[in-house]
1. For the stretch A:147-163, which positions are under 12 Å from C:His8 (Cα atoms) and either touching a residue at least 60 places away in the same chain (Cβ under 8 Å) or surrounded by 20 or more Cβ atoms within 10 Å (Cβ to Cβ) (or both)?
2. Quick check on this structure: which one of A:Ile424, A:Ile444, A:Ile347, A:Ile363 is more than 30 Å from A:Ser75 (Cα to Cα) and within 16 Å of ligand 5 (Cβ to nearest atom)?
3. State the number of residues belonging to the stretch C:129-146 that are among the β-branched types (Val, Ile, Thr) and crowded, with 22+ Cβ neighbours inside 10 Å.
4. Being facing chain B (nearest Cβ under 7 Å), part of a helix (DSSP H, G or I) and more than 30 Å from B:Gly159 (Cβ to Cβ), is that true of even one residue in the stretch A:402-419?
5. List pairs: first residue in the stretch C:63-92 and under 28 Å from C:Val178 (Cβ atoms) and more than 7 Å from chain A (Cβ to nearest Cβ), second residue assigned to a helix (DSSP H, G or I) and open to solvent by 20 Å² or more (accessible area, probe 1.4 Å) anywhere in the structure, Cβ distance under 7 angstrom, at least six positions apart or on different chains.
6. List pairs: first residue in the stretch C:5-22 and more than 9 Å from chain A (Cβ to nearest Cβ), second residue assigned to a helix (DSSP H, G or I) and open to solvent by less than 80 Å² (accessible area, probe 1.4 Å) anywhere in the structure, Cβ distance under 9 angstrom, at least six positions apart or on different chains.
7. Mind checking which residues of the stretch A:309-359 are over 27 Å from B:Met92 (Cα atoms), open to solvent by less than 10 Å² (accessible area, probe 1.4 Å) and out of contact with any Lys or Arg (no Cβ under 8 Å at 6 or more places or on another chain)?
8. What's the number of the only condition in (1) more than 16 Å from ligand 1 (Cβ to nearest atom); (2) assigned to a helix (DSSP H, G or I); (3) surrounded by 24 or more Cβ atoms within 10 Å (Cβ to Cβ) that A:Tyr214 fails to meet?
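The values are calculated or read from the model by the stated rules, or taken from the named source; none is laboratory data. Note that the coordinates shown come from a computational prediction; the quantities given were computed from them, not determined experimentally. All Cβ positions, even for glycine, are placed from backbone atoms using ideal geometry, and neighbour counts span all protein chains on display. Ligands, DNA and RNA are stripped out before the accessible areas are found, and what is left, the full protein with its side chains, is counted by its heavy atoms. Shrake-Rupley method; radii C 1.70, N 1.55, O 1.52, S 1.80 Å.
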Amino acid sequence: MVNRPLEYDYTVAKMFMLTTVVLGIVGMLIGVILAFELAFPGINLILGDKLAEYTNFSRLRPLHTDAVIFGFTLSGVFATWYYVGQRVLKVSMAESKLLMSVGKLHFWLYIVVVAAAVFSLFAGVTTSKEYAEFEWPIDIGVVVVWVLFGVSMFGLIGIRREKSLYISVWYYIATFLGIAMLYLFNNMEIPTMLATSPAGETGIGSWYHSVSMYSGTNDALVQWWYGHNAVAFGFTVPIVAMIYYFLPKESGQAIYSYKLSLLSFWGLMFVYLWAGGHHLLYSTVPDWMQTMASVFSVILILPSWGSAINMLLTMKGQWQQVAASPLIKFMVLASTFYMFSTLEGPIQAIKSVNAIAHFTDWIVGHVHDGVLGWVGFMIMSALFHMAPRVFKRELYSKSLMATQFWIQTLGVILYFTSMWISGITQGMMWRAHDEFGNLAYSFIDTVTVLHPYYVIRGVGGLLYLIGFLMFAYNIYKTMSSRPVEERELQNATPMGA
Amino acid sequence: MNKLYLGGVIFAAFMLLFTYLSVSSSHGGFNGDIVNMLAVTGAIALVMISAFVVIKYVRQMQTDKASGDLADENWDGIGEFKNSLPTGWAVMFLLTMTWGMWYLTVGYPVNSYSQIGEYNEDTKVHNEKFEAQYKDITGKKLVDMGESVFIAECKVCHGLKADGIGGRAADLNHRIAAASVKHVLQNGSNNQLLGMEMPMPDRNGLINATTSMPITDAEIEALATYVSKGLTGTVGADVFAATCVMCHGADGKGVDSMGPNLKEFNTTLVTNILSHGKKGSIGTMPKFDRLNAKQKEAVSAYITSLSK
Amino acid sequence: MFHWLEKHPFFFAVGVFLVIAFAGLIEILPNFAQASRPVIGTAPYSTLELTGRHIYIKNSCNACHSQLVRPFKSETDRYGHYSLSGEYAYDRPFLWGSKRTGPDLMRVGNYRTTDWHENHMKEPSAVVPSSIMPAYRWLFTNKSDIETAYAEQLTVAKNFGVPYNKPVSMKDGSSKTVKMGASVAEAKSIALEEAKVIAADMRDQDVKDAVANGQIPEIVALIAYLNSLK
Ligand code: HEM
Ligand code: HEM
Ligand SMILES: [Ca+2]
Ligand SMILES: [Ca+2]
Ligand SMILES: [Cu+2]
């Protein structure tokens, strides 16, 4: 029953927990600023006219997306891997000096790359491809960090005691492979400093600039094959890895069905990659490719829901736990939001629906019910569960967590309902013709009506950020709260009032 | 009724309200547009399905009990039941896969659908419908139509009141501003206002018949005042009569193939501007090829009506 | 079989990789075979236009603006002809965008002009009341980086056969040759010539003076790029 007490080494996990929290705050703070910039454009000048170049919406937007994806989410993925990996493989990082140093190197190089990325995006150094903005020098850094992650992952798997791999490990492996493949192909670019002019000059222009190997429609196709699957292997697969560990662990329940895990996993792997074209509906990519993407998007509902259902059924008969523990509430709501956005996505992938939804705030709404309700909730749950165990302290405050839960839930609801209205409004107004068959609205008319929804979204985002700060504070205080014994930590997390 | 279902119904009702709000706040409603209807149906389906599926599982949390055979393995204390697949899920997975294969091979195989073909048909239907509707409109209706074009296309530059937004584009409530007249007199003009290459000479080519000399600075000032005031007043009237009538007519209302109307806007003038654009002292006005003939006529009527 | 894979991580990983790589091939390869041929009337970007494109990217205008006209009546009425694949043949990277907070700009060169852009970029809400677009005033003082654009022209001409200094046919049957310098100095002087044309239609005296002195403020290059979008 009780595991052999093995001293797991959480040094690296702790480091990544720190960056999860810090970069989460940074990324979401920028998100809130962005939201208010759209509601009140004067905020573009938040630090004055002189610095507007660095604080305006367009310069900050990639910082937000990259900070929350490559900062917050990836840190969360790494932190949980360095925690979950040891435990389900029954092997401690401390057992291998080599793995320990690879892990630390992984962390420090990650910090260097993050710093370089932040700096370069502020400076406007970007290739413009969404979620792949970095120029080639940073790409190289990303690849090195990723290789180190792979080495430490497969290294740990290599020395494991538990012969067969737990479900979460499947998903971590898939995360590693998926991102590796996608990132490499989408970032094929030629540094322009390699060019030589007819006059024999070399090293012309800025050294970090590059030009994509693909052009036009091809470039778009590769980018959205990447972009869609970056969502898959960044916002879905590793988060599923987390819930498969933390929910059963925290609740002490066995996974409802191995078979369902199995089919969901392989189904997801197979189906996800075909759906990228749903970002390019009605574009210039061939019709059949678009149709294929729509069809696979609809099929994708089932493998996605498989995991969510498996989790909900794992909680069968455990309503008292859901009611009592805010930590379990977070996870149950996370899988609910996961179901919601994986049904919303396929609906938006239907061509006629996409005709309205594409380019509008409805997509932004879809994005955030996924990332706030699913990714954010799940990563915070993971850290809530881990913190008492890595610090050997009880979680500082349960009531703070409960309050945070309701504040953030309200935040997410305000966010996506306002974007839902805003998006459909925008989409319909763009299409409207008047009694004479002329366009009914000039573009700006379709912008001004959105103001109230932009304000509501800003408030929703602000609530979410406040909740996140409460989370950060709770974790911080946990480090100095009441110490607990290892055996008290088997399942439900001990929490102070 | 169970509290949960009540919650679900309330949630669904709220989301329906939001959907309703977005449709009505779009100031367009469904507009008979099938795409609008499908999008809204999608939104509603999304809410309903999510709400009731989740409630189903939450009910199971409340009333059911975990059961089944546990697998032998166990990871960090986490066990696994050997339960079989939930039937509903398995059936739906099979169905969607079958549907998908059918769709891609039988329903709409490669090349059986063309979005451009669909566009061409939609456009044709749209154009036929509206052409029939506006074919013979005139008068007030025409002006209304023109206003609708103006609001969608022109107000970004000329402003909602067509006043040129503080000199950033032409003020269309007046035929022409003094500064523009001066600029044209000094530099000439070649904007195909007559629909063809027919430049207006610059000051060296403008001979005052009374003095037989190219016009002077003072005369230019006078003309600018005179023309910009709609050819009224006395200042400049003499110079105009001596210099400009040949091309622009004694009343300034233009002469065919010689000079455009300077007194007021008219359909010919505005449609020519829309077809060729116009570059002057205020800036550059782009041409508007994408408007059809009726739209050009309508917006001309609207602009003409502004200074009436 | 799956149980076996779960005990053999290497083969598990290979299995996952094969399953995920498969779809990518089918989705991407067929298009590579055909999609990057330019349609008639598509010319490569001139030195100044390309510089402007870099400024567009640097400021992430694509965060709010798309460059893709979808084949709907409402879009072709608003923005002009729907987009064709071949029109993007020289776009590296593509700039379709995924969000239209502002209007599509695929053909903005057809219906907006230099002076309008100048006013608008300086203070959008002055021309379009209640616009939520930020003002881009620093573009009027920052200087353009012509050299990097030139390096890119050299790169694409060499690696992808982009036809610089070669005639390309236009829609009206004529042909057009886009010049690329033989040296950095020549590239700069080509760009300056283009800049003078733009500056002539502008109002800002500092910008005009800068161009007269051989410098190119970013706004000039950006407007050259916007005007080229047709
Ligand atoms: C079955 C699963 C899903 C499908 C089929 C799907 C489908 C879609 C579609 C059709 C779009 C809009 C493309 C457009 O018109 O611009 C989209 C955008 C997006 N989705 Fe999903 N979605 C799914 C799940 C998720 C989840 C779970 C998340 C995150 C947690 C997510 C994150 C995003 C993001 C970030 C975008 C925006 C991409 C952009 O920048 O344009 N999606 N998705
Ligand atoms: C405090 C909460 C947040 C707020 C207020 C916020 C706000 C925003 C805003 C205003 C945008 C730009 C939308 C537009 O262009 O119209 C945006 C985009 C985005 N955000 Fe957030 N955000 C928040 C948290 C997050 C988190 C936690 C994640 C990911 C884990 C995230 C991922 C994204 C992504 C992927 C996009 C791009 C969407 C697209 O291109 O369609 N955001 N966010
Ligand atoms: Ca890159
Ligand atoms: Ca986007
Ligand atoms: Cu996608």
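1. Of the residues in the stretch A:147-163, the ones under 12 Å from C:His8 (Cα atoms) are A:154, A:157-158, A:160, A:162-163.
Selection gives A:Ile157, A:Arg160, A:Glu162.
2. Working: A:Ile424 fails: within 16 Å of ligand 5 (Cβ to nearest atom); A:Ile444 fails: within 16 Å of ligand 5 (Cβ to nearest atom); A:Ile363 fails: more than 30 Å from A:Ser75 (Cα to Cα).
Being more than 30 Å from A:Ser75 (Cα to Cα) and within 16 Å of ligand 5 (Cβ to nearest atom) holds for just one of A:Ile424, A:Ile444, A:Ile347, A:Ile363, which is A:Ile347.
3. Within the stretch C:129-146, the subset among the β-branched types (Val, Ile, Thr) is C:132, C:141, C:146.
Filter again for crowded, with 22+ Cβ neighbours inside 10 Å, leaving C:132, C:146.
Counting residues in the stretch C:129-146 that are among the β-branched types (Val, Ile, Thr) and crowded, with 22+ Cβ neighbours inside 10 Å gives 2.
4. Step one: list which residues in the stretch A:402-419 are facing chain B (nearest Cβ under 7 Å), which gives A:417.
Imposing the further condition that a residue be part of a helix (DSSP H, G or I) reduces the set to A:417.
Then drop every residue that is not more than 30 Å from B:Gly159 (Cβ to Cβ), which leaves A:417.
There is at least one residue in the stretch A:402-419 that is facing chain B (nearest Cβ under 7 Å), part of a helix (DSSP H, G or I) and more than 30 Å from B:Gly159 (Cβ to Cβ).
5. C:Gly80/C:Asn110; C:Tyr82/B:Tyr119
6. Once the first residue is more than 9 Å from chain A (Cβ to nearest Cβ) and sits in the stretch C:5-22, its partners that are assigned to a helix (DSSP H, G or I) and open to solvent by less than 80 Å² (accessible area, probe 1.4 Å) give C:Phe11/C:Leu5.
7. Those that are over 27 Å from B:Met92 (Cα atoms), open to solvent by less than 10 Å² (accessible area, probe 1.4 Å) and out of contact with any Lys or Arg (no Cβ under 8 Å at 6 or more places or on another chain): A:Leu327, A:Ile328, A:Phe330.
8. The number of the failed condition is (2).
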